[in-house]
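So the structure is just underneath, and the comments pick up after that.
The values are calculated or read from the model by the stated rules, or taken from the named source; none is laboratory data. Predicted, not measured: the structure shown is a model, and the values here were computed from it. So basically every Cβ, Gly included, is an ideal-geometry build from the backbone, and we count neighbours across all protein chains shown. Side chains are part of the model used for accessible areas, which takes the heavy atoms of the whole protein and leaves out ligands, DNA and RNA. Shrake-Rupley method; radii C 1.70, N 1.55, O 1.52, S 1.80 Å.
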Amino acid sequence: IKSIRVMKPFYFAATLALWGWSQFLGIQVANGQSCLPDGIVFSTQAEIDAFPTNYPGCAEVNGDVIISGADIINLQGLAGISEISGLLRIQNNPVLTSLSGLDALTTVQSIEIGANPNLSNLVGLGGVSAVSRLFIGGNGSLTQLNGLNSLNSVNGWFEINSNTSLSSLNGLNA
């Protein structure tokens, strides 16, 4: 038992030192922490792929998340994000075909999905049940709204337009 008491001050000091340096360097060290108070913009696939390494434990983004880039093909690097306190904008991604990778997302203030010509469905947003704004427009290959099955409340602006392949609103069944 005495050896445990001897170790406690060292453990406490080491933990305090690690916490202090992580705060100084802006590194998140615990899982499920909130992060990025100014939000984040992803303009390349490499930035998305590096997110879990660059922001370990970042699950709650305290700002907007903007995804817009010519080479963005998947969102798998964002799989740890469960909450976005601001806007999720997925726009101008010519090779993006799926929103898979956002499956852990349950809370987001607003969603805008536009000008993603190869996006065929919204699978990946199935955990989101309420938003204050929803815009889906200009996604030429979007054939269905599957992925919004859990969405049961839009508390403000709601617009779906110019999705030339969309023939029904199936998927908004909640």
Number of the exception - Ser22 against (1) open to solvent by 10 Å² or more (accessible area, probe 1.4 Å); (2) modelled with pLDDT under 95
(1)
Count of residues meeting criterion [among the hydroxyl-bearing types (Ser, Thr, Tyr) and out of contact with any strand residue (DSSP E or B) (no Cβ under 7 Å at 6 or more places or on another chain)] in region 107-128:
1
Which condition breaks for Thr164 when tested against (1) within 21 Å of Ile72 (Cα to Cα); (2) surrounded by fewer than 17 Cβ atoms within 10 Å (Cβ to Cβ); (3) of a type in the set (S, T, N, Q)?
(1)
What number of residues in region 142-173 are touching a Ser or Thr at 6+ places or on another chain (Cβ under 7 Å) and of a type outside the set (S, T, N, Q)?
4
Residues to consider are Ser141, Ser168; find the one that is under 12 Å from Leu119 (Cα atoms), in contact (Cβ under 8 Å) with a residue 12 or more places away in the chain and more than 19 Å from the chain's Cα centre (by Cα).
Ser141
Please tell me if Val41 is among the β-branched types (Val, Ile, Thr), modelled with pLDDT under 95 and at negative phi.
no
Sole exception among (1) touching a Cys at 6+ places or on another chain (Cβ under 6 Å); (2) closer than 24 Å to Gly156 by Cβ for Arg89, by number:
(1)
